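Student: I have a structure here, written as structure tokens, and I will follow up with some questions on it.
Throughout, read-outs are computed from the coordinates displayed, never taken from laboratory work. If you're wondering where the values come from, they're calculated on a predicted model, not measured in any experiment. When we count neighbours, we look across all protein chains shown, and the Cβ atoms used for this are built from the backbone with ideal geometry, even at glycine.
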Amino acid sequence: MVEVEQPMGAAESAGLEVDGGRDARGAATGAAAAMTVMSGAAGDDAIVAAIRSGDHRRALALCAREHARALGQLCMALLGSQGEAEDVVQETLLDAHAAFASWRAEGSLRAWLCGIARRKCARQLEQRARRTARLRLVHDGRAGSEGEELVMLRERAERARHALESVRPTEREALVLRYGSGLSFREVAEACGIDEAAARKRVSRALGKLRLAMSEEK
């Protein structure tokens, strides 16, 4: 089992909620800055070197250290379940390990990993839809015994979740990749298998729909 950091809670991983008068872009941009956990090119250089030298075990450990948190945030935002997000991150890293030998280093390593995670999340949602028919934020019924701050946090997370559900899945994925995982538009395009112009359009449309949904919540 690969050791990874746990993804953030629903409110944090959604990363797109609005508090007070902030609009969708401001909320998303602020979340992206807060979620910056990558150590930069040096970390990816070490991973690439390990892959090329055939030390795939080390490459896997470095991927977990450098990218697991961002993958967890992406999966949590798309799935809305911390348990499922943790499982998908594990599966993503294991799939990446199995594919290291054939990896061609086309595009960024982070975009490649996010692409694997995105596809796994899509399959997970399809399976869940057959079981429960819709994605929702789960409440455990213990709100009465929780502190006021935690209750408010859950309520804000639920509002953010409802707003995200108003966005088309393909646009939501692009939005979360851009602002949740901190990918550039080029990397979003790589992860989604589209060109950069299409990636920009998806993010723009998602922001517009999210802003509208959140204004209706007020």
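Student: Starting with the highest mean, order 172-183, 78-89, 204-215 by the number of other Cβ atoms within 10 Å, averaged over the residues of each peptide.
Tutor: Most protected by this proxy first, the peptides run 172-183, 78-89, 204-215.
Student: Report the FRET efficiency, 1/(1 + (r/R0)^6), for residue 57 and residue 198, where r is their Cβ-Cβ distance and R0 is 41 Å, rounded to 0.05.
Tutor: 0.65
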